[in-house]
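Working notes for the structure below.
The values are calculated or read from the model by the stated rules, or taken from the named source; none is laboratory data. What you see is a predicted model; the values in this text were computed from it and never measured. All Cβ positions, even for glycine, are placed from backbone atoms using ideal geometry, and neighbour counts span all protein chains on display.
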Amino acid sequence: MIRVFPRLTNMTPRDDLSFIGYPPLIRPEAEVVHISVTFTWDLPLALDLAYAWSQYYPKVEIGGPAYRPGCLDFTPGVYVRRGVTFTSRGCNDNCPWCLVRQYEGKLWEIRNFAPGYIVNDNNLLHFTSLGCSSCASLNSGHFISQPSFTSKN
Ligand code: SF4
């Protein structure tokens, strides 16, 4: 399955079946193309991309957080780069510019989170203050390599 992203970020997968923007001259064979949209301001571009990719592939679908906020499913390495994981969702704060609380609710732990070495939680610092079991996992070898931390805050 080809995945297409409207823009490159440091979370974008970089494998042979992931692409940024419009289809290149040389394209791999595939039955399905997924246009993955994270940011709502990319929605018009995503429609253009869907049309462009549909010239070459029989099935093109659009999805992602910009279309389905509150979607909590996560498959490592498919729509975010390899190594990224999430150990929690939601937030106990409710900043006026942020949709996390609205779509994910109050902070809660993902019990069986996927292994990874980039923890991309919305509010990791808040989460660690709760003494959660995920944080204990950081010290127990659950992660596959040296952990590093990013924050959207
Ligand atoms: S995730 Fe960050 S910006 Fe959003 S409500 Fe929580 S503290 Fe505020």
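Name the residues in region 66-93 that are of a type in the set (Gly, Ala, Ser) and surrounded by fewer than 16 Cβ atoms within 10 Å (Cβ to Cβ), would you? 70, 77 - these are the residues of region 66-93 that are of a type in the set (Gly, Ala, Ser) and surrounded by fewer than 16 Cβ atoms within 10 Å (Cβ to Cβ). Being among the hydroxyl-bearing types (Ser, Thr, Tyr) and outside the structural domain of residue 116 (by TED's automatic domain parsing) is the requirement here; does residue 103 meet it? For residue 103, the condition - among the hydroxyl-bearing types (Ser, Thr, Tyr) and outside the structural domain of residue 116 (by TED's automatic domain parsing) - is not met. No other residue among 39, 86, 74 is in contact with a Lys or Arg (Cβ under 8 Å, 6 or more places away or on another chain) and under 22 Å from residue 8 (Cβ atoms) apart from 39. Pairs please, first residue from region 91-109 and under 14 Å from residue 121 (Cα atoms) and in a loop (DSSP other than H, G, I, E, B), second anywhere and polar (S, T, N, Q) and more than 8 Å from the ligand (Cβ to nearest atom), Cβ atoms under 7 Å, 6+ apart in sequence or on different chains. Listed pairs, sorted by first residue: 107/88. Looking only at residues in region 70-90 that are over 27 Å from residue 33 (Cα atoms) and in a loop (DSSP other than H, G, I, E, B), the one that is nearest to the ligand (Cβ to nearest atom) is 90. With respect to being within 16 Å of the ligand (Cβ to nearest atom) and without any contact (Cβ under 8 Å) to a residue 24 or more places away in the chain, residue 41 falls outside the description. Looking only at residues in region 11-65 that are surrounded by 15 or more Cβ atoms within 10 Å (Cβ to Cβ), part of a loop (DSSP other than H, G, I, E, B) and among the polar types (S, T, N, Q), which one is modelled with the highest pLDDT? By that ranking, first place goes to 12.
Do the conditions hold for residue 87, that is, is it β-branched (Val, Ile, Thr) and touching a strand residue (DSSP E or B) at 6+ places or on another chain (Cβ under 7 Å)? Considered against the rule, which asks whether it is β-branched (Val, Ile, Thr) and touching a strand residue (DSSP E or B) at 6+ places or on another chain (Cβ under 7 Å), residue 87 comes out as yes.
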